[in-house]
1. Across the stretch 139-149, what is the number of residues that are open to solvent by less than 20 Å² (accessible area, probe 1.4 Å) and over 18 Å from the mean Cα position of the chain (by Cα)?
2. Return yes when GLU4 is at pLDDT 95 or above and either more than 30 Å from GLY110 (Cα to Cα) or of a type in the set (Asp, Glu) (or both) and no when it is not.
3. Tell me which helices (runs of 4 or more DSSP H) are completely within the stretch 1-112 and hold 2 or more residues being more than 16 Å from the ligand (Cβ to nearest atom) and among the polar types (S, T, N, Q), or say none if there are none.
4. Within the stretch 41-76, work out how many residues are touching an Asp or Glu at 6+ places or on another chain (Cβ under 8 Å) and surrounded by fewer than 18 Cβ atoms within 10 Å (Cβ to Cβ).
5. Taking interchain pairs and intrachain pairs at least six residues apart, which have beta carbon atoms under 6 angstrom, with the first residue in the stretch 74-98 and farther than 14 Å from ALA43 by Cα and the second open to solvent by 30 Å² or more (accessible area, probe 1.4 Å) and in a helix (DSSP H, G or I)?
6. Only one of ALA224, ALA195, ALA212 is over 24 Å from ILE40 (Cα atoms) and in contact (Cβ under 8 Å) with a residue 60 or more places away in the chain; which?
7. So how many residues does the stretch 167-204 have that are in contact with an Asp or Glu (Cβ under 9 Å, 6 or more places away or on another chain) and near the ligand (Cβ under 9 Å from one of its atoms)?
8. Of the conditions (1) touching a helix residue (DSSP H, G or I) at 6+ places or on another chain (Cβ under 7 Å); (2) open to solvent by 60 Å² or more (accessible area, probe 1.4 Å); (3) basic (Lys, Arg), LYS222 fails just one. Which one is it?
Amino acid sequence: MTNEPDWNILPDAEAVAQHACEQIIQKAERAIIERGIFRIVLAGGSTPERTYELLSAQVSGWSHWEVFFGDERCLPANHPDRNSSMAQMSLFDKVAINPVSIYPIPAELGALQAAAFYQGCLEQLPPFDVVLLGMGEDGHTASIFPGSSWQNKASVYDVSDSPKPPADRVTLSAQALGNTRKLLYLITGSSKSDAIKQWQSGIELPVNIIPAQFEAEVLIDKEAYSDG
Ligand code: 6PG
């Protein structure tokens, strides 16, 4: 049994970022009280950057955070186009998080080796507290793209034919991404409206096949939202 997401349609991208920040802080405070630790999987791309900037100004319990990544591009470790580089600049450089609590996907090793390594990192982990996901114009999420086989995959696997450069990537599986107390999609901009229309009309896309084990919510601005 997986959960259909709630849809929260917001005025603009800034409102999406503010709501995302509030939700993450709320989940972090609760996780830290209940379990002493907060585990979050960050989304890549550009949409989440503002959320990470807002988080950097508002969160205190960094010593209880563990940060993972939903996917990574096979580029050198500090390449500006890496998802880890965006998170580093917008968040990690500004807060007192312990670097040993940040788990980048070592995609600089190549997709196969990095996927095997990261799978080892995720083994034995309980559900994440929050998984953030973006969505591409074609309805992809993380590095799960339309037309790719996404079922019966290892928790972390290699991608070699990404239509969004670079072709070589590493991604968590749909199952692994859904293994979280809160699945939070951040979607903004009119370029996403076609994929949202497809989602709303029931067309299967990578973005809507993530099996949310608990709560799922789509934070979307009016530009991206479609009423079907
Ligand atoms: C990546 C991301 C990818 C991203 C979407 C949306 O490596 O690019 O993992 O899944 O979330 O493509 O990207 P934007 O937020 O830039 O529109």
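The values are calculated or read from the model by the stated rules, or taken from the named source; none is laboratory data. Here the structure is a predicted model, which means the values were calculated and not measured. Neighbour counts are summed over all protein chains in view; Cβ atoms, including those assigned to glycine, are modelled from backbone coordinates with ideal geometry. Accessible surface is based on the protein model in full, side chains and every heavy atom, while ligands, DNA and RNA are left aside. Shrake-Rupley method; radii C 1.70, N 1.55, O 1.52, S 1.80 Å.
1. Qualifying residue count, the stretch 139-149: 0.
2. In short, no.
3. Helices (runs of 4 or more DSSP H) meeting the threshold: 13-35, 49-58.
4. So the count comes out to 2.
5. PRO76/GLU108; ALA77/GLU108
6. ALA195
7. 7
8. Of everything listed in (1) touching a helix residue (DSSP H, G or I) at 6+ places or on another chain (Cβ under 7 Å); (2) open to solvent by 60 Å² or more (accessible area, probe 1.4 Å); (3) basic (Lys, Arg), LYS222 misses just condition (1).
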